[in-house]
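K.L.:
Pasting a structure below so you can have a look.
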Amino acid sequence: MRTYIIRRLLLIVPTMFLVSILLFLLIRLIPGNIVDQMIRERPFSMDAARAAIEQELGLDVPIFEQYGRWLGVLPGVDGSFNGIFQGSLGNSLWTNEAVVKLIINRLPVTIELVILAILIMIIISIPIGIYSAMRQNTMGDLAGRSFATVLIALPNFWVGLMIILVASIWWGVSPPLRPISFIEDPIGNLGQFIVPALLLGMAGTGTTMRMARSMMLEVLRQDYIRTAWAKGLKERVIIMRHALKNALIPVVTLVGINLAYLVGGTVIIETVFSLPGIGRLLVESTSLRDYTIVSGVAFFYAAVLIMVNIIVDLTYGYLDPRIRFK
Amino acid sequence: MGNRTTDSSLDKVVKRKRHSRLVDFGIRLVKEKPLGAVMGVVTILLLLVAIFADLIAPYGMNETGVADFLAGPSFAHLMGGDQLGRDMFSRIIYGARISVIVGLFATFLSIVVSLTVGGLSGYIGGKFDLIVQRFVDAWMCFPELVLLIIIMSFIGPGLWNVIIVLALVFGIAGSRIIRGAAMSVKENAYVQAAVAIGCSTPRIFIRHILPNIMATTIVLFTVRVPASILAEAAMSFLGYGVPPPTPSWGGMLSAEGRTYMFLSLSIAIWPGLALSTVVFSVNMFGDALRDLFDPRLRGGTRRYGMKVKNPQ
């Protein structure tokens, strides 16, 4: 087990390295240039100014040198090492603010959204999924499955939009423009985040529900469940004590997989509900072509997802001894 | 051979079984998955609407002023008019075409990408597989939507841009599944036999590997079509997808018309409703197809999976 953990942790290094190369190439090689945009916004700037701007932003050197600066192995424009190795993701090309600081400022909103979404997802999906499996092919099962399919099919941005519109037209309520701090006003904070979180986890709730159902069905067909029935145990005991633990193991992975979708989904939900999270930061900086923020945010996402995947794998190994001792 | 021509009863059995596999499959679909069959009909309807949009839509998709500004529904304008007096019904009809084009083309291209990257990586294996897979690993570290947004924001909005980017992003993500399938097919004796008689690698790949990973590919296809439609809508909603005035369902919900939605709910209701219906029915249809394709799920079961009849 320990060697497995160490190996997984060591594998982070090459993966992150490839992530950084991929990201850098992706962003710098795609046409569309921040300098053009800056020149358009500065009325006094002529072609001569272009070189100055490029030099100021460090875009005048070859791409591998830019990459080296970004990583922090080559000196930057001002001659200092300021890159990923130094724990920095560079500065915004427009405002010169540190990208790490921007991300940290926006982090609480996104984290709260994602955590709430996961909690809601688990609370709704697992009981319904298990009930569906227990009563396979009954009306209750059909209702549960249809519910799951509807959740997957509904576009969350549309539902969010409709909620905002209806609340505003019928009750004159509109979502607050600033995020409410959980510490200052817990109820107001939850009131602000509960609907976005619900919508964020909507599709994930559907898939988890289906996964929980099919896993439960598989487990219920095992011999040891038949033995438990034959022993005359109550249904509740069989489900809760014998079946549930084994059925939920793959669901743990699904929560991990869903996290990637949730993180992606925050971009939409934060835009719909005007919540100042990391997703909004990404949307705002793409329209400004602020490369450093875009790559910084994407790099941050990738780092988080890699960590989560490792945690999920380790949890999996912990829950299922058959994997652990392989 | 001789027996078959003389035994008339056997002849009858052979004859009765002689409709095409497609018809057989259709009959099984209706019998075993009635709901899936209904959704299949809805899916086909969607296709027809998309193909014949020009004939069905009473007005052009960008004809302004044909309806009253934010008009309510009437017989002339079934879904009312939008903020420029365009007929909503016509725009929804043309929107179906956009969704179908994106759903089919993006998925088809993504499957091509998956088959090329995943199939080759799985079949060739070795160092090639190792290197390609590390890049796929890195690629999959990013949330799909984030990748879509980043690439789209740089190459700019546009229908074919959306399709190509979706194909790339979904294609690389799906290549893992195809790779797994290719790796297991590769182990079969018939592949070794083909190698032994000296078939070239491209021939083995096309004649022996590809046909045998088709089931997985079809399943991937059924999952990706609704996913692509939704992704396009989300991109257009955020303003990275199909640009206005093209009537994409997602784009019709975007910021452009947002202020008018407070005046008339219907311009927000119809595109979302159309989108949800389509994604729902394509999903259900795809699920039904998948269940029928998967032999493990065949056969009836009662509560707690005690088998009623032996599926074999």
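The values are calculated or read from the model by the stated rules, or taken from the named source; none is laboratory data. Computed from a predicted model, the values in this text were never measured in an experiment. Cβ sites come from the backbone with ideal geometry, for glycine too, and all protein chains shown count toward neighbours.
K.L.:
For the range B:155-185, give me each residue that is over 23 Å from the mean Cα position of the chain (by Cα) and buried (at least 19 other Cβ atoms within 10 Å of the Cβ). Even if it seems obvious, please write down each step before you answer.
P.N.:
Residues of the range B:155-185 that are over 23 Å from the mean Cα position of the chain (by Cα), as a first pass: B:155-156, B:183-185.
The answer is B:VAL185, and nothing else.
K.L.:
Please tell me if B:THR277 is more than 24 Å from B:VAL146 (Cβ to Cβ), more than 10 Å from every other protein chain (Cβ to nearest Cβ) and within 25 Å of the chain's Cα centre (by Cα). Explain how you work it out, then say what you get.
P.N.:
Details: more than 24 Å from B:VAL146 (Cβ to Cβ): yes; more than 10 Å from every other protein chain (Cβ to nearest Cβ): no; within 25 Å of the chain's Cα centre (by Cα): yes.
No; evaluated as a whole, the condition is false for this residue.
K.L.:
Next up: Of the residues that sit in the range B:70-88 and are without any contact (Cβ under 8 Å) to a residue 60 or more places away in the chain and in contact with a helix residue (DSSP H, G or I) (Cβ under 8 Å, 6 or more places away or on another chain), which one is surrounded by the most Cβ atoms within 10 Å (Cβ to Cβ)?
P.N.:
In this case the residue turns out to be B:GLY81.
K.L.:
Quick check on my filter: what residues within the range B:118-141 are within 14 Å of chain A (Cβ to nearest Cβ), assigned to a helix (DSSP H, G or I) and not acidic (Asp, Glu)?
P.N.:
B:LEU130, B:ILE131, B:VAL132, B:GLN133, B:ARG134, B:PHE135, B:VAL136, B:ALA138, B:TRP139 - these are the residues of the range B:118-141 that are within 14 Å of chain A (Cβ to nearest Cβ), assigned to a helix (DSSP H, G or I) and not acidic (Asp, Glu).
K.L.:
Suppose we keep only residues that are among the hydroxyl-bearing types (Ser, Thr, Tyr) and surrounded by 15 or more Cβ atoms within 10 Å (Cβ to Cβ) within the range A:216-262. Which one would you say is nearest to B:PHE142 (Cα to Cα)? Explain how you work it out, then say what you get.
P.N.:
Going residue by residue through the range A:216-262, those that are among the hydroxyl-bearing types (Ser, Thr, Tyr) are A:224, A:227, A:253, A:261.
If we keep only those that are surrounded by 15 or more Cβ atoms within 10 Å (Cβ to Cβ) as well, we get A:253, A:261.
Values: A:THR253: 17, A:TYR261: 10 Å.
Among residues in the range A:216-262 that are among the hydroxyl-bearing types (Ser, Thr, Tyr) and surrounded by 15 or more Cβ atoms within 10 Å (Cβ to Cβ), the one nearest to B:PHE142 (Cα to Cα) is A:TYR261.
K.L.:
Considering the range B:190-242 alone, what residues qualify as being in a loop (DSSP other than H, G, I, E, B) and within 14 Å of chain A (Cβ to nearest Cβ)? Before you say what the answer is, go through the steps one by one.
P.N.:
Quick first cut of the range B:190-242, residues in a loop (DSSP other than H, G, I, E, B) only: B:197-200, B:213, B:239-242.
Scanning the range B:190-242 gives B:GLY239, B:TYR240, B:GLY241.
K.L.:
Next question. Taking B:GLY156 as meeting all but one of (1) of a type outside the set (Val, Ile, Thr); (2) within 30 Å of B:LEU238 (Cβ to Cβ); (3) in contact (Cβ under 8 Å) with a residue 24 or more places away in the chain, write down the number of the exception.
P.N.:
Every condition holds for B:GLY156 apart from (3).
K.L.:
Next question. With respect to B:ARG258, determine if the residue is surrounded by 14 or more Cβ atoms within 10 Å (Cβ to Cβ), within 30 Å of B:LEU84 (Cβ to Cβ) and of a type in the set (Lys, Arg).
P.N.:
The answer is yes for B:ARG258.
K.L.:
For B:GLY286, indicate whether it is without any contact (Cβ under 8 Å) to a residue 40 or more places away in the chain and either within 12 Å of chain A (Cβ to nearest Cβ) or under 14 Å from the mean Cα position of the chain (by Cα) (or both).
P.N.:
no
K.L.:
Further, regarding this structure: I'd like to know if the range B:245-255 contains one or more residues that are at pLDDT below 85, facing another protein chain (nearest Cβ under 10 Å), more than 21 Å from the chain's Cα centre (by Cα) and part of a helix (DSSP H, G or I).
P.N.:
Yes, that holds for at least one residue.
K.L.:
Return the residue satisfying two criteria in turn: it lies in the range B:142-156 and is assigned to a loop (DSSP other than H, G, I, E, B) and at pLDDT 85 or above, and of such residues it is farthest from the other protein chains (Cβ to nearest Cβ).
P.N.:
Residue satisfying both the conditions and the ranking: B:PHE142.
K.L.:
Is it the case that A:ASN156 is more than 25 Å from A:TYR261 (Cβ to Cβ) and touching a Gly at 6+ places or on another chain (Cβ under 9 Å)? Spell out how you get there, then give the answer.
P.N.:
Values: more than 25 Å from A:TYR261 (Cβ to Cβ): no; touching a Gly at 6+ places or on another chain (Cβ under 9 Å): yes.
Taking the combined requirement at face value, the residue does not satisfy it.
K.L.:
Of all helices (runs of 4 or more DSSP H) completely enclosed by the range A:213-322, which ones contain at least 2 residues that are more than 14 Å from chain B (Cβ to nearest Cβ) and either modelled with pLDDT under 80 or more than 27 Å from the chain's Cα centre (by Cα) (or both)?
P.N.:
The qualifying helices (runs of 4 or more DSSP H) are A:244-272, A:291-319.
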